[in-house]
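Peer 1: One structure is given below, represented as structure tokens, and several questions about it will come after.
The values are calculated or read from the model by the stated rules, or taken from the named source; none is laboratory data. Computed from a prediction, not measured in an experiment: that's the story for all the values here. In this analysis, Cβ positions are derived from the backbone assuming ideal geometry, glycine residues included, and neighbour counts consider all displayed protein chains. Areas reflect the complete protein model, heavy atoms only, side chains present, ligands, DNA and RNA absent. Shrake-Rupley method; radii C 1.70, N 1.55, O 1.52, S 1.80 Å.
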Amino acid sequence: MTTNDTNAWLEHYPQLSAIDDAAWLDALSNIESMAVPAGTVVFKPGQPCRGLLFLVEGRVRVSMVSRSGREISLYRLQHGELCVLTLTTLLRSAEYSAEAVTETDARAVCLPVEHFRKAFAGSPGFQDYVLGKLATRLHDTLMLFQEVAFDRLDMRLASLLFKRFQSSRIVDFPVTHQQVAHELGTTREVVSRILKELERRNCIRLMRGRIQLVNVEQLEQLAHSSTAEILPGH
């Protein structure tokens, strides 16, 4: 990778671009580029970790599957973000415990294991960056645990749709009932019942392979309400 290429990807990581100690600069000289098509499995459970990944372009979904086959999304990695699961796998010298799949065409850079370890041991700036990212992801993980453990499923589904509409800035997006079920760690049948009730309340409109927003205010209200159940018992 040339110096220009290195500077290009660092534009997405301003904290890293400010580090100028010898250990980090040496690590930069060993960065490897990756181009990954949409739908590619970046890593999966049981695989060894070959280096720390920095996403430069695209979106990656990280998920976990239970022994019963039920799937739940852990987080999505956007450009300019660090793959924290890769980070914890590296620090533990362990194998991956979850799966990552590119949802779009993606570009990333990889810092190989040996150079990651040297940078982490020898660069205070890089060490601070890594520990800060770990602290942020720990907080996000605790919030996810709180939602799964304490929030009703109908409230979580309404919140998921509201956030998706809010982030995409479009009135409808392609998604199947099964994909929504994977996001929430539940079954397609339960999701379908809640979605149909949301449609009956004129919050959304269901189409084949798509969900269209109809009433954003009502959807937001349901997403943040602790009392207004969409379906009794959920």
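Peer 1: Compute the angle between helix 153-168 and the longest alpha-carbon principal axis of the chain, please, reported from 0 to 90 degrees and rounded to the nearest 10.
Peer 2: Compared with the principal axis, the helix lies near 60 degrees.
Peer 1: While we're on this one: For residue 167 and residue 29, calculate 0.36 nm times their separation in residues minus their Cα-Cα distance, and state this gained length in nm to one decimal.
Peer 2: So the extension gain works out to 46.1 nm.
Peer 1: Additional query: Gaussian network model of the chain, Cα springs within a sub-10 Å range: biggest mean-square fluctuation belongs to which of 93, 73, 123?
Peer 2: It is 93.
Peer 1: From Cα coordinates alone, what are the radius of gyration and Dmax values for the range 67-211 in angstrom?
Peer 2: When restricted to Cα atoms, the range 67-211 yields Rg and Dmax of 18.5, 59 Å.
Peer 1: Under the rule of -39500 (n - 2.57) per DSSP H run of 4 or more residues, summed and divided by the residues of the chain, what mean residue ellipticity at 222 nm is obtained, to the nearest 500 deg cm²/dmol?
Peer 2: The helix-only estimate for the chain comes to -14500 deg cm²/dmol at 222 nm.
Peer 1: On a straight-distance basis, which lysines could pair with residue 196 in a cross-link, Cα separation under 29 angstrom, same-chain partners fewer than 8 positions away excluded?
Peer 2: Of all the lysines, those that pass the test against residue 196 - Cα under 29 Å, at least 8 places apart if same chain - are 163.
Peer 1: Can you tell me the Rg and Dmax of the range 62-145, counting just the alpha carbons, in angstroms?
Peer 2: Every Cα atom of the range 62-145 included, Rg and Dmax give 14.0, 43 Å.
Peer 1: I'm a student and want to see the number: the projected area of the Cα convex hull of the range 18-109, averaged over all directions, in nm².
Peer 2: About 6.4 nm², averaged over all directions.
Peer 1: Hey, another quick one. Can you sort 205, 210, 156, 169 by solvent-accessible area, 1.4 Å probe, largest first?
Peer 2: Order by accessible area, largest first: 169, 205, 210, 156.
Peer 1: Nearest 10 degrees, 0 to 90: what angle lies between the long axis of helix 113-122 and the longest principal axis of the chain (Cα atoms)?
Peer 2: So the helix axis and the longest Cα principal axis differ by about 70 degrees.
Peer 1: Arranged from highest to lowest average of other beta-carbon atoms within 10 Å per residue, in what order do the peptides 127-133, 188-194 appear?
Peer 2: Result, highest mean first: 188-194, 127-133.
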